[in-house]
Ligand code: SF4
């Protein structure tokens with residue numbers, strides 16, 4: 001595929017009740033798929049063949065599965081690869097290097113993913129929930145609340161689908177193979193824990209069991225669900241943990257990240273350091289720079305003291321203002337001073353690029369806003 005086909009938004013979808021999708025091959029590990037295929041009256045090795053098409057060749061059209069008997073292709077594909085994501089709209093910017101996809105799920109829920117090409121890698125940012133229940137006040141997704149958790153396969157299929165887009169050469173100036181996945185789209189991944197962990201296992205398992213990505217190229221972002229961070233540390237996975245901190249003090253963080261009212265800064269950082277110690281992976285501390293809210297020099301100094309000497313890297317994120325929001329991005333001189341103070345404290349710090357800002361595809365902007373206009377045009381910035 002070179003691009004996502006464009007399909008009009010179904011206006012009736014908005015009134016439907018959220019419900020989980022049909023079972024899909026990516027919900028199951030290879031032995032589960034073999035058991036299912038056997039139940040369907042086919043030899044177990046067909047599971048491997050279909051898996052190889054889906055994960056290895058990024059093919060989902062039964063007509064192209066020519067190693068399967070023609071008589072059973074449609075049926076097997078129908079049972080193992082039901083359509084989970086219907087592309088509604090694709091937006092592109094950054095000269096085609098960033099593409100945001102809006103998907104409609106089987107129950108009418110809308111979610112988004114972003115494909116970002118760089119000279120040395122291709123990254124997809126995927127959603128783990130339709131909406132989000134964490135209610136961070138500066139985030140567009142958080143304003144709409146949680147619709148439902150995504151299934152394992154709905155999560156995986158975003159990456160597989162966009163891996164196919166990348167493989168077609170559609171991302172200008174980037175390698176064709178998807179290499180990185182970040183769970184930074186809609187939702188709080190650790191609030192959909194078991195499905196997200198199963199999705200990670202599919203993404204990292206070698207084909208035909210999975211997509212064969214490196215664990216080190218997977219990043220799971222969280223606002224700080226402490227028990228889930230600790231559980232993730234025990235999964236024998238070495239994915240990167242990104243902690244959305246956004247404030248170094250409880251008073252402000254209680255407001256910016258409401259889950260802080262349950263797990264305080266000190267508790268969440270303790271869990272993060274334990275995660276780093278167990279996995280050997282440096283924790284990424286995400287900090288949205290919000291003008292006159294969390295960007296004061298004293299907060300940089302406090303953050304520096306909390307992180308000095310820890311296995312951590314700070315990612316400062318220029319806030320992406322959302323329509324009608326009272327929050328704005330910090331001015332560049334303020335941002336530079338914040339960076340300087342952190343680095344002076346010995347803390348590795350970078351400022352994240354603002355890929356996708358033109359198409360509302362950057363962090364905190366994934367709100368599936370496109371569902372309101374019923375417009376199926378592709379806008380290319
Ligand atoms: S910032 Fe993340 S956790 Fe907070 S509301 Fe938005 S999507 Fe949810």
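Nothing in this text is a laboratory measurement; each read-out follows from the coordinates by a stated rule. From a predicted model like this one, the values you see are computed outputs, not experimental measurements. Please note: Cβ atoms are built from the backbone with ideal geometry, for glycine as well, and neighbour counts cover all protein chains shown.
Sorting 39, 335, 90, 235 from the fewest to the most surrounding beta carbons within 10 angstrom yields 39, 235, 335, 90. If R0 equals 41 Å, the separation of the Cβ atoms of residue 207 and residue 107 corresponds to a calculated FRET efficiency of about 0.85.
Among beta bridges identified by DSSP and lying wholly in the range 103-195, the antiparallel ones come to about 75 percent. For the range 141-189, the orientation-averaged shadow of the C-alpha convex hull comes to 4.2 nm² (one quarter of the hull surface). Working from Cα pairs under 8 Å separated by at least six residues, relative contact order for the chain is 17 percent. In degrees, nearest 10, range 0 to 90: what is the angle between the Cα axis of helix 193-204 and the longest Cα principal axis of the chain? Computed tilt is about 70 degrees. Mean sequence separation of contacting Cα pairs (under 8 Å, at least six apart), scaled by the length of the range 222-267, corresponds to a relative contact order of 44 percent. The convex hull drawn around the Cα atoms of the range 75-149, when projected onto a plane and averaged over every direction, covers 7.0 nm². Could you give the nm distance between label points at residue 238 and residue 63, where each point is 7 Å from its Cα heading toward the beta carbon? Inter-label distance under the simple model: 4.5 nm. With helices as the sole contributors, the chain gives -9000 deg cm²/dmol at 222 nm; each DSSP H run of n ≥ 4 counts as -39500 (n - 2.57), and the sum is divided by every residue. Enumerate the residues in the range 57-73 having an amide nitrogen under 18 Å from the point lying 7 Å beyond the Cα of residue 168 toward its Cβ. Of the residues in the range 57-73, 57-65 have backbone N under 18 Å from the label point off residue 168.
Fully extending the segment from residue 270 to residue 30 would add 82.8 nm, taking 0.36 nm per residue of separation and subtracting the current Cα-Cα distance. DSSP beta bridges in the range 128-251, what fraction antiparallel, as a percent rounded to 5? Percentage antiparallel, nearest 5: 30.
You can think of it this way: the chain between residue 292 and residue 135 has 54.5 nm of extra reach, that is 0.36 nm per residue less the Cα-Cα gap. Normalised by the number of residues in the range 116-214, the mean separation of alpha-carbon contacts (under 8 Å, six or more apart) gives a relative contact order of 35 percent. Please work out whether the range 63-217 counts as rounded, prolate or oblate from its C-alpha gyration tensor, where a ≥ b ≥ c are the square roots of the eigenvalues and a/c under 1.5 means rounded, while otherwise a/b larger than b/c means prolate and anything else oblate? Note, shape of the range 63-217 comes out oblate.
Sorted ascending by nearby beta carbons within 10 Å, beginning with the fewest, 238, 113 become 238, 113. Note on residue 336 and residue 308: the model spin-label points, each 7 Å out from Cα along the C-beta direction, lie 2.5 nm apart. Helix 152-167 axis versus longest C-alpha principal axis of the chain: approximately 90°, rounded to the nearest ten.
The mean of 1/r over all distinct Cα pairs in the chain, once inverted, gives the Kirkwood hydrodynamic radius of 21.4 Å. Each DSSP beta bridge with both residues in the chain is either parallel or antiparallel, and the antiparallel ones are about 45%. Summarising the label geometry, the points placed 7 Å from Cα in the beta-carbon direction at residue 326 and residue 70 lie 6.7 nm from one another. Angle of helix 297-307 to the longest C-alpha principal axis of the chain, folded into 0 to 90 degrees and rounded to 10: 60°.
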